[in-house]
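Engineer: Structure provided below as structure tokens; questions to follow.
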Amino acid sequence: MTSQTSLAPLAGRVAVVTGASSGIGEATAEHLASLGAEVAVLARRKDRLAELVSRIEKNGGTALAITADVTDAEAVGAAAERVKNDLGGADLLFNNAGVMLPAPVEELRADQWQRQIDLNITGLMNVIGAFTPQLVEAAAERGVADLINTSSSAAQNLYPTFAVYAGTKAFVSHLSKHLRVELGPKGVRVSAVEPGIVGTELQDHVTDPGAAAWLQGSKETIDWLQSDDIARTVGFIASMPLRVNLPQVFIMPTAQPS
């Protein structure tokens, strides 16, 4: 007979998902809710969050929408307070908000460099700073906590014109390794998920013609990953026995060589 635990392995847990209004974040929020977690979804687009919460609740889940820009430390702090007050605090954080704006460095697109640094690094750190106390507390009180950061295969592999984006993701991966050493002894599992090409809104934000053409060409020869593939990976990481930590998960389309 199938046990309740196997049906809802995340029952009783509280998950926070950033970048939840589309793509990987949206799919992961729905999947974690389907596994039994209460889910707080954070993003800037209020209407998209409302639609997401409605779908989760229609399917029997519990979700809380919080409109916030992760680059605003004060707003993220307020979001953390709301999660604490309304849901009792987070024990699972999927730190996913990010942007990809490739361009040749010689074009000196300093605006795009800064946007990627602000969101992929500063925004990530704002969320970690706001929610880590809740994760540590949950690990002590409930015996479980997960910090899962979205990195990229670009943290390891080399893609022309993706230097700044890749640099921000290398930061995420290396930071995650250090945080695991720091937080692991306190019972907080830390993981970095490093996907190859995933079909999301990120490609729509690319303004450089060469990078856009490269992405379009790859789409014609490679079956890209889908957001649900990453969502299921995150669910798998969080559902493992407490003794198991997957610090670095590298997930690629089968036909993507690097």
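Engineer: Evaluate segment 81-89: report whether one residue or more is within 17 Å of Arg13 (Cα to Cα) and hydrophobic (A, V, I, L, M, F, W, C).
Structural biologist: Among the residues of segment 81-89, at least one is within 17 Å of Arg13 (Cα to Cα) and hydrophobic (A, V, I, L, M, F, W, C), which makes the answer yes.
Engineer: Another question, then. For the structure I just gave you, tell me whether Val172 is buried (at least 16 other Cβ atoms within 10 Å of the Cβ), of a type outside the set (Phe, Trp, Tyr), touching a strand residue (DSSP E or B) at 6+ places or on another chain (Cβ under 9 Å) and farther than 26 Å from Val198 by Cβ. Let's see the steps before the verdict.
Structural biologist: On the way: buried (at least 16 other Cβ atoms within 10 Å of the Cβ): yes; of a type outside the set (Phe, Trp, Tyr): yes; touching a strand residue (DSSP E or B) at 6+ places or on another chain (Cβ under 9 Å): yes; farther than 26 Å from Val198 by Cβ: no.
When the stated conditions are applied, Val172 does not pass them.
Engineer: Restricting attention to segment 221-238, does a residue exist that is touching a Gly at 6+ places or on another chain (Cβ under 9 Å) and over 27 Å from Glu38 (Cα atoms)?
Structural biologist: The answer is yes; a qualifying residue exists.
Engineer: Of the residues Ala78, Ala145, which single one is hydrophobic (A, V, I, L, M, F, W, C), in contact with a strand residue (DSSP E or B) (Cβ under 9 Å, 6 or more places away or on another chain) and either surrounded by fewer than 18 Cβ atoms within 10 Å (Cβ to Cβ) or at pLDDT below 95 (or both)?
Structural biologist: Exactly one of Ala78, Ala145 is hydrophobic (A, V, I, L, M, F, W, C), in contact with a strand residue (DSSP E or B) (Cβ under 9 Å, 6 or more places away or on another chain) and either surrounded by fewer than 18 Cβ atoms within 10 Å (Cβ to Cβ) or at pLDDT below 95 (or both), namely Ala78.
Engineer: Considering only residues of segment 18-69 that are charged (D, E, K, R) and free of Cβ contacts under 8 Å to residues at least 12 places away in the same chain, which is surrounded by the most Cβ atoms within 10 Å (Cβ to Cβ)?
Structural biologist: The residue in question is Glu51.
Engineer: Next question. Please go through segment 143-162 and give me each residue that is over 16 Å from Val17 (Cβ atoms) and in contact (Cβ under 8 Å) with a residue 60 or more places away in the chain, ordered by number.
Structural biologist: Answer for segment 143-162, where residues must be over 16 Å from Val17 (Cβ atoms) and in contact (Cβ under 8 Å) with a residue 60 or more places away in the chain: Gly143, Val144, Ser153, Gln156, Asn157, Leu158, Phe162.
The values are calculated or read from the model by the stated rules, or taken from the named source; none is laboratory data. Remember, predicted model here, so these are calculated numbers, not experimental data. Because the Cβ atoms are built from the backbone with ideal geometry, glycine has one as well, and the counts that use them run over all protein chains shown.
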